[in-house]
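Reading through the structure tokens given below for one structure.
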Amino acid sequence: MLIARVIGEVVATRKHSSHEGLKLLLVQPLNLDGTDRGDAVVAVDAVQAGLGEKVLLTLEGFSAFSSVGRLMTPIETAVIGIIDHVELLEGTEA
Amino acid sequence: MLIARVIGEVVATRKHSSHEGLKLLLVQPLNLDGTDRGDAVVAVDAVQAGLGEKVLLTLEGFSAFSSVGRLMTPIETAVIGIIDHVELLEGTEA
Amino acid sequence: MLIARVIGEVVATRKHSSHEGLKLLLVQPLNLDGTDRGDAVVAVDAVQAGLGEKVLLTLEGFSAFSSVGRLMTPIETAVIGIIDHVELLEGTEA
Amino acid sequence: MLIARVIGEVVATRKHSSHEGLKLLLVQPLNLDGTDRGDAVVAVDAVQAGLGEKVLLTLEGFSAFSSVGRLMTPIETAVIGIIDHVELLEGTEA
Amino acid sequence: MLIARVIGEVVATRKHSSHEGLKLLLVQPLNLDGTDRGDAVVAVDAVQAGLGEKVLLTLEGFSAFSSVGRLMTPIETAVIGIIDHVELLEGTEA
């Protein structure tokens with residue numbers, strides 16, 4: 001799982017029926033220092049995350065479709081938590 | 001899931017029987033700024049996507065074969081939505 | 001799924017019993033322009049592909065072991081089709 | 001599976017219900033020479049690993065959610081062992 | 001699946017119960033020319049591979065835990081064959 005930030009929303013009217021009613025977020029994975037970790041990906045929203053929030057991102061299908069209670073559906077990426085803070089070993093916060 | 005563009009079609013006459021009747025698309029994953037994200041991949045078409053359309057691409061087997069209703073078949077990549085537009089946090093459109 | 005070329009064969013006499021009778025191919029994933037895409041991988045042959053043929057390669061376990069009808073076996077990569085040709089958007093052939 | 005070091009903890013109060021009671025660790029994958037292998041990831045703790053410990057990290061959903069006995073939940077990464085030492089072929093220790 | 005070499009062993013006394021009795025190998029994935037392909041990974045031994053042997057490595061959970069007959073356990077990487085030799089298209093051996 002990765003730390004990421006919600007940076008947008010993806011609108012798709014023609015889509016697989018299993019996606020009906022789900023919100024597609026555009027999320028940017030982050031490195032620990034807050035810089036971008038690769039490019040943004042599209043993820044299903046499982047925790048009603050808001051734009052700009054720092055979130056926990058899962059990148060695997062089983063994890064992702066189970067997070068929205070839809071088994072065996074074409075969902076491979078999901079936002080599954082809102083991160084309050086990260087405590088580092090050295091006692092600092094990221 | 002990634003944003004991608006349909007750039008071609010792959011024709012394979014000798015293939016695994018579970019692929020009969022499925023259309024194989026050549027899709028180019030895209031970065032947010034529209035540039036290429038790595039090289040193109042081959043994906044099954046689950047939403048009758050047209051050449052040149054901007055689509056939602058899943059890259060995991062479970063997601064992919066469930067999208068065409070064929071469980072436990074050798075399908076790992078699929079086009080599962082047509083993207084209308086992407087709304088970014090800053091209020092711009094990608 | 002990726003486009004690849006069969007470039008060799010891997011011989012392993014001591015192997016997991018579920019692999020008995022299966023042929024292991026050495027396949028080189030290709031970019032659209034025909035250049036190498038990373039290094040070669042080892043894949044199970046599900047369509048009796050010949051040396052030098054351009055093939056469709058799946059890189060995920062579920063897809064791979066289902067292609068040879070052996071569920072829950074240690075097979076994660078398989079050749080599942082022989083590619084006739086690729087039709088690109090611009091009307092050219094790759 | 002990779003060798004990694006626990007470098008922090010991630011606190012998320014709003015999260016998917018299947019994550020209740022689980023501790024989220026921040027872990028840094030390591031190369032053999034002890035240098036960082038990419039950036040840190042977030043993992044569920046299955047063995048009560050302590051901060052600073054060298055651990056065995058699994059990066060796949062099936063492996064990860066089974067390690068904490070919660071099937072089909074959005075968990076894709078987990079700490080599943082504490083590493084005592086690594087014996088290299090040359091007789092040295094890493 | 002990849003070609004790799006066994007370069008060491010990982011000892012972990014505190015570990016997930018499903019790992020009891022399994023040997024953890026340190027394996028270095030190889031390119032065709034014998035050079036290192038990324039850094040070493042930790043894999044379960046399913047074929048009693050010896051130190052220094054050239055082996056067949058699977059990197060996916062389903063493949064890996066089925067190779068040691070333990071379903072739904074936190075095992076994602078396994079050594080599943082000993083490679084005798086690799087026959088390349090050009091008639092050379094790697």
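No lab work stands behind these numbers, since they all come straight from the coordinates. Bear in mind that the values here come from a model prediction, so they are computed numbers and not experimental data. Reconstructed Cβ throughout: ideal geometry from the backbone, glycine too, with neighbour counts over all protein chains shown.
How do E:Arg5, E:Arg37 line up, fewest other C-beta atoms within 10 Å first?
E:Arg37, E:Arg5
Principal axis extents for the stretch D:1-44, Cα atoms only, whole Å, descending order, please.
In descending order, the Cα extents are 38, 17, 13 Å.
Where does each of A:Leu57, B:Leu30 land when they are ranked from fewest to most other beta-carbon atoms within 10 angstrom?
With the fewest neighbours first, A:Leu57, B:Leu30 line up as B:Leu30, A:Leu57.
Here is the link list: C:Lys15/D:Lys54; A:Lys23/A:Lys54; A:Lys15/C:Lys54. Which ones come out longer than 28 Å on Cα distance?
Over 28 Å Cα-Cα: C:Lys15/D:Lys54; A:Lys15/C:Lys54.
For a footprinting-style exposure proxy, rank A:Lys54, B:Lys23 by other Cβ within 10 Å, fewest first.
Lowest to highest Cβ neighbour count: B:Lys23, A:Lys54.
Given H placed on each backbone N at 1.01 Å, which residues far from B:Arg37 in sequence or on other chains put an amide H within less than 5 Å of it?
B:Leu30, B:Asn31
Could you run the Karplus curve 6.51 cos²θ - 1.76 cosθ + 1.60 with θ = phi - 60° over the stretch B:28-41 and give me ³J(HN,Hα) per residue in whole Hz, x for Gly and Pro?
Karplus values, whole Hz, x for Gly and Pro: 9, x, 10, 7, 4, 7, x, 7, 5, 10, x, 9, 5, 10.
Can you give the mean number of other chain Cβ atoms that lie within 10 Å of the Cβ atoms in peptide D:28-36?
2
Obtain the nm distance between the two label points defined at C:His85 and C:Asp33 by a simple spin-label model: each point lies 7 Å from its Cα along the Cα-to-C-beta direction.
2.2 nm
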